[in-house]
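Below is one structure, written out as structure tokens; the observations come after it.
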Amino acid sequence: LAKTQQRLGELDKETIHLHREYRSVSCSWDCKGKLMRMVMKNTEHLERELIDGVRLIFPDTTVTAKYLLILPDKETSAFHLFAEANSQSDARNLAEEYFTKLLLWKEVE
């Protein structure tokens, strides 16, 4: 900050602030593998990162994109959903959309 003569407030205005939402979906241990396969199958068209779980990257027309991390819990029979977006409503909608999808996929034989 001293070298660039910027004030902290100016830097804060330039920083992109993402809003976050969290959801959790419980399922049996046997169901976790099936759900991961359903996630992989149904997100083939999206940009993904596969580290520990599935991170979906949704391109957006604004400065930043929306992200969703679907993370299977290593200790319990559950999945954690972490959504990030430019607005709280976008993050909430993204988390709800995939929360609902996981519940539906859980019921598929």
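The values are calculated or read from the model by the stated rules, or taken from the named source; none is laboratory data. Note that this is a predicted model, so its numbers are computed, not measured. FYI the Cβ positions are ideal-geometry reconstructions off the backbone, even for glycines, and counts take in every protein chain you see.
Some notes on this structure:
- When each of Thr100, Thr4, Thr64, Thr76 is tested for being over 12 Å from the mean Cα position of the chain (by Cα), modelled with pLDDT of 90 or more, assigned to a loop (DSSP other than H, G, I, E, B) and among the polar types (S, T, N, Q), the lone residue that passes is Thr76.
- Of all residues in the range 33-52 being farther than 11 Å from Leu68 by Cβ and either touching a residue at least 60 places away in the same chain (Cβ under 8 Å) or in contact with a Cys (Cβ under 9 Å, 6 or more places away or on another chain) (or both), the one that is surrounded by the most Cβ atoms within 10 Å (Cβ to Cβ): Leu35
- From the options Ser77, Ser87, residue that is surrounded by fewer than 17 Cβ atoms within 10 Å (Cβ to Cβ) and out of contact with any helix residue (DSSP H, G or I) (no Cβ under 8 Å at 6 or more places or on another chain): Ser87
- Checking each residue in the range 10-32 for being farther than 18 Å from Thr76 by Cβ, surrounded by 11 or more Cβ atoms within 10 Å (Cβ to Cβ) and in contact (Cβ under 8 Å) with a residue 12 or more places away in the chain picks out Leu18, His19, Arg20, Glu21.
- Residues in the range 87-104 that are more than 21 Å from Gly33 (Cα to Cα) and without any contact (Cβ under 8 Å) to a residue 40 or more places away in the chain: Ser89, Asn93.
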